[in-house]
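Take a look at the structure below.
Here, each number is a calculation from the coordinates, and none is a lab measurement. In this text the structure is predicted, and so the values were computed from the model without any measurement. We place every Cβ from the backbone using ideal geometry, glycine too, and count neighbours over all the protein chains shown.
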Amino acid sequence: MSSLKRSFRYLKPYSKEAAGAVILLVLVVAANLSIPRLVQVIIDEGVANQDLDVIIRTSFLMIAASVLSALFMTGNTILAIRASRGFEAGFRDAIFTKIQSYSFGNLDEFTTGQLLTRLTSDLNQVRLIITMSIRMFTRMPLTFILSIGLMWITNPQLSMVMVVLLPITITLVYVFIRVSQPLFRQVQEKIDYLNQVLQENLTGIRVVKAFARREHENNRFKKANDELYGSSVKINRNLSLFMPFITLLLNLGTVAVVYFGGVQVFRGTSSIGEIIAFMNYLTSAMFSVIVLSSMAGRISAAEASATRIFQAIDEEPKIKEKPEAVKLESIDGRVVFEDVGFTYGEDGGLPVLSNVNFVVEPGETLAILGATGSGKSTLVHLIPRFYDVTEGRITIDGWDVRDLELKTMRKLVGVSLQETILFSGTIRDNIRYGRPDASEEEVVMVAKAAQAHDFIMGFQDGYDTFVGQRGVNLSGGQKQRIAIARVLLVKPKIMILDDSTSAVDVETEIKIEEELRRIMNDSTNIIVAQRISTVLKADKILVLENGSIADIGNHRELLESCSIYREIYDSQLGGGVQL
Amino acid sequence: MSAGDRQGPQKERPRMMRHGPGRRGTIEKAKDPRGALNRLAGYLGDSRGTIALAMMFTTISTLLNLAGPYLIGVAIDQHIIPMKMGGLVNIVALIAVTYLSAALIDMAVGWIMSDVSQRILMKLRQNLFEHIQTLSLKFFDNTSSGDLMSRLTNDIDAVGAVLSHNLTEITRSTLIIVGIVVAMFLLNIWLALASLIVFPFMVVFTAQIGKRARFRFRDLQQNMGRLNGVMQESITGQKAVISFWQQGTITRKFRKNNTAVREAGTKAETYAMLVPPLVYIFSNANIAIVAGVGSWMVLKGLATIGVISVFISYSRKFSDPLRQFSNLYNSLQSALAGAERVFEVLDVAPEIEDSPDAHMVDGFEGKVEFKDVDFSYVPSEKVIKNMSFKAEPGKMVAIVGPTGAGKTTMVNLLSRFYDIQDGSISIDDENIAGLKKDDLRRQLGVVLQDVFLFSGTVMENIRYGRLDASDEEVIEAARFANADRFIRRLPHGYDTMLSERAGNLSQGQRQLISIARAILADPSILILDEATSSVDTRTEIQIQEALHRLMEDRTSFVIAHRLSTIRKADTVLVINQGEIVERGSHEELMEKKGFYYNLYMSQFKGTIDDADFTYIKPVERQDPVQPQRGSSSGMRGGMGAGTNPEMMRQRALEIIGIFKEKKAVSVESAKALGEMDLPPYFPRIMQNHLGPLGIIVEKDGCLYLVEDNIGKL
């Protein structure tokens, strides 16, 4: 239960509420347990002595006890909920904040769905257990112990019944938990698996249909479904045996009390009231066992959830700022790669980049060309330290990027990612994403430069048009242009465009490039591209091949010296045309 | 707690967008509860007998359980108080036997029912899943996968909670309440009345609180919805958040919503959780009343102590079923609403059914014909208009046109993902409407625009194309798609696990895998839907080579924006706004100078400003260019060498002038843009240098005419 135990750390800020809740619980238990005692008084002193006063007085005491108990319980509830909701908010904040410290490498280890599940349903499972633990877990054991104590006080001889009952009960509960805990975990896993199969099927439905794989998918689902069914039935069977068994123990205990109590009454060593009170205590004690053991399933579900949450929390941010990190206010924009090598993941795998050396001078434009998977995106991701190099170093104006403060450095290095991500909100919000305080003129200016202004104005609401689910559906090219405008607005000293115009038609692309040259002429521009026409005017073109630099130079030089470049060139603008 | 009881903690699972926040804010009610109930009852099927048996047994065990306290009361009244030791052993034994049989029966019932409810759930889930598989793409276009997910999980769980838990529980609770009330009245009418006094109060109070709580829960759901929205967006776009360093902004937004959820949650739950203490207080007050009034009655000779003991036991047992009932109403409502949503999907008609006399197919010649095809997704908006064309077996057809022209739709129609409204589509002169859909699709190898890979190994993903393929065949297919090389470089080669984000695979690599998958399927007709858009041109050429081999005796359709990749096509269909506007070979269409020509030229069009032409320096070639890929090989010979530099410069200038005028960046485009205006020697350049010729590059304010042999003009 280590993960659940660890979660309790987040309850600490609410320890006062939690403690208050627990104290109130003690009072609740005390008030509740006083009732059988009072019943005893009524019967033994009131009825036996024919004393109506005692009966009335005790009855009122009982009602008072109930009211008090309810008040304490309400107080406990309020505090418990405050604590558990606070706990939830704090815990969620911890997870979310942790995710915010992730770098690309960390994000690659989780899927979006996994992270969201941890922030929602997993967290909810844990919160439920926390609520219960503040309300039930203290109350039930307390009731149990106090009941047994009171049984002892009421009638030590009858308490011998417990000597028989208790070991059996404990063994039973132990066996039950031992047997069902793994089953609960199993069910949890089966549910996860079923959901995964489901999710994939729904996302990939077109592929399923195109390959006519309905049978295959049905069988896949059936397998997952059958497994879930099997585990669930097993648990239900366990429960169906366990619950009546415990109830039977309670009832047999009561029967024993009636018999031995009856015998005691004959001998005059006990009274009816005592026996009735004793039976009530017995019921309380056993009932708390039943309640506690019925939580077993919840606990293992919560433990599984907590484990998943801590997986996210324990994930070490792969990019860490040095304590003495340098804050750069402004830079010239000289980027140097020195013997850079890079491998994804620690467990081997072939290097994605090796031995990469090049220099981009301030204001220069570097274009990167290369085959799919040759490492172009990876290379540019290393500059703003989305990943850390595994060999060599990268410097900006002579500073090793690993020595720089991330916040200031990322403001100086602007990146438009290959996968265009826009956020919900208006087009203006999206363009302003990197600099929320930008003026309207600036927004329009960059939108014009990115050749986005015209199509934006074509929408009824112009810049106020909503993007995404509730708004317009932008085409891939339109999204890319907004993403470019977004980077331009930041006015980075080093601008990286990772295949950012792949969905834009050539004519527009050329216009964008011209604008870029105009307004970004004192920035260093690094452009990953597929099209020769995109890289034509670059100062330097770097040709990547299997993670190493095949050649670097300008278009003219490469045409002469680099066969790969010529091949690319041929494939696009030259060869293959038979006129 | 049963395994089906999952709906509680999952209540706040992020509901998908389509629902909007707060959909579950109030207890949802089924629109037609009886209908849903009846259909659900249908699922009981052959379990019906078992359930009847279980209910019967439950009745017996409940009665036995209620008899217990009654018998204890009898033991107290008739044996302990009168001190009649004689019969005590017997009655105690009787009580023990009563309890024992009740327990055994309960176990039996639980055992029987554990299977029943889970089996119903499994059946329902499987039915729903299998039904979803039969639905048309149109259905998926209009339904978010999140919505379907939640129907298959949350809604079925809600049904399950009622089925697995409440079916016997309802019986039991009802019996307990009725049994206790009856027993109380039989035992002592006045004491019964006294102890039931609190009951109406309890009902009214809990109902009131429940109502108020529901409002606050709706508020909570709305806040939760907003928070989920923030989190979903942040995490989906986390890489953008990182690159713009907006973690602070998003965290602030998150915190605001997180706090709101916390406050709303505290309020809502505080209300809801007031119910248990109330039930408790009433049940304790009840005991007090029973004890007080009862004792008074004992004094007056109106009751016995045994009866009081029985009443106290019963009072304790009373509160539990009551609480159950208040939960039951809610869970029954949401179960019925859930069932209704499940049935809603089950009621969607499956996609175009195979007609009963549909043909089986196992291989096509590959003659494809569209005859006067009309199609619209939404009535009144025709996406395909009166389209007719023929593709001969083994030929390659390129489909070209601007975005939204209807290219993908054509492919969808051929696969019969949608049915056409008018006209006919036939393969090998057989209308595809008369073919078995699955057979048809198996013969069509489709590489889709969006690459979708399943979680699993690379091997498994390729094998999806043909499930019985051996490892060797999979590898062969990968090699064919030029995917083998990069796959071998993955950490575990073909056994590398792929996941949703697959940081280890690039877009292009994913496409290569999907191409390998299609190759493995060995279809009669091949359809490539922009399948190579994220692959770099060189890889694309490699793929094209592989595909070319594959396409040799197969009819194939290629959709691509990159015209260079489809110049090999036998026929090019130019589509615009759902119509074929031009058709013919690449050369024919170029001649025509129509729609295609313009589309094609836009790819080569460049703009060169006047400022660029300040100085022109012909470039001297150091070493000869390697002849490239046939087209230009062997054509460079036969040119005179050693030309006067000044003349060279003049000619270059002249060429550049033309380039400038035509806004072209390459010789080829310059020629295509206006052949008539070219100087006399220009055609010679064209003929001899179709390769890396005539590109203008500007550097340091100078313009270079990069043309390897310009000096030899």
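Per residue, chain A reaches -20000 deg cm²/dmol at 222 nm when only DSSP H runs of four or more residues are counted, each adding -39500 (n - 2.57). Counts of other chain beta carbons within 10 angstrom of each beta carbon in peptide A:404-414 average 2. Note on chain A: dipole from Cβ charges, positive end direction compared against A:ALA94, A:VAL164, A:LEU194; the farthest Cα belongs to A:VAL164. Debye-formula intensities of the range A:473-541, expressed as log10 I(q)/I(0) at q = 0.15, 0.27 Å⁻¹, are -0.44, -1.50 (one equal scatterer per alpha-carbon, no solvent). Legend: mean number of C-beta atoms from other chains within 10 angstrom of residue C-beta atoms, peptide B:214-225, equals 0. Straight-line reach from B:LYS395: taking Cα to Cα under 15 Å and skipping same-chain neighbours fewer than 8 places apart, the aspartates and glutamates in range are B:GLU365, B:GLU369, B:ASP428, B:GLU552, B:ASP553, B:ASP570.
Dipole orientation for the range A:347-503: of the candidates A:MET409, A:LEU382, A:ALA485, A:ALA485 has the Cα lying most toward the positive pole (charges on Cβ; Lys, Arg +1; Asp, Glu -1). Toward the positive end of the charge dipole of the range A:268-333, with +1 on the Cβ of Lys and Arg and -1 on the Cβ of Asp and Glu, the farthest Cα among A:ILE290, A:PHE278, A:ALA325 is that of A:PHE278. Legend: residue pairs A:LYS5/B:LYS256; A:LYS234/B:LYS123; B:LYS385/B:LYS407; A:LYS411/A:LYS511, Cα-Cα distance threshold 21 Å; pairs beyond threshold, A:LYS5/B:LYS256; A:LYS411/A:LYS511. Peptide B:69-80 has a mean of 4 when you count, residue by residue, the C-beta atoms of other protein chains within 10 Å of its C-beta. Of all DSSP beta bridges confined to chain A, the antiparallel ones make up roughly 50%.
Annotation: aspartates and glutamates with alpha-carbon distance below 19 angstrom to B:LYS267 (same-chain offsets under eight excluded): A:GLU17, A:GLU88, B:GLU12, B:ASP219. Counting other Cβ atoms within 10 Å as a rough exposure proxy, the listed residues A:GLU440, B:GLU588 run A:GLU440, B:GLU588 from fewest neighbours to most.
Roughly how many debye, to the nearest 20, is the charge dipole of the range A:244-340 about its Cα centre, given +1 on each Lys and Arg Cβ, -1 on each Asp and Glu Cβ, and no other charges? Approximately 760 debye in magnitude.
To the nearest ten degrees, helix A:160-203 and the longest principal axis of the Cα atoms of chain A are 20 degrees apart. Placing +1 on each Lys and Arg Cβ and -1 on each Asp and Glu Cβ, with no other charges, gives chain A a dipole about its Cα centre of roughly 2400 debye. Counting only alpha carbon atoms, the long axis of helix A:123-132 and the longest principal axis of chain A meet at about 20°. For B:LYS300, list the aspartates and glutamates whose Cα falls under 18 Å from its own Cα; do not include residues on the same chain fewer than 8 positions away. Correct list for B:LYS300: A:ASP44, A:GLU45, A:ASP51, A:ASP53, B:ASP77. A quarter of the convex hull surface defined by the alpha-carbon atoms of the range A:155-212 gives 6.1 nm² as the mean projection. Hey, if you drop one equal point scatterer on each alpha-carbon of the range A:2-314 and run the Debye formula without solvent, what base-10 log of I(q)/I(0) do you get at q = 0.08, 0.12, 0.14 Å⁻¹? Values returned for q = 0.08, 0.12, 0.14 Å⁻¹ are -0.53, -0.95, -1.13. Pairs from the list A:LYS537/B:LYS239; A:LYS322/B:LYS239; A:LYS222/B:LYS138; A:LYS223/B:LYS437; A:LYS209/A:LYS376 with a Cα-Cα gap above 27 Å: A:LYS537/B:LYS239; A:LYS209/A:LYS376.
Converting the Cα gyration tensor eigenvalues of the range B:189-302 into ellipsoid dimensions via √(5λ) gives semi-axes, longest first, of 54, 11, 8 Å. In chain A, the longest principal axis of the Cα atoms and the axis of helix A:296-314 are about 30 degrees apart.
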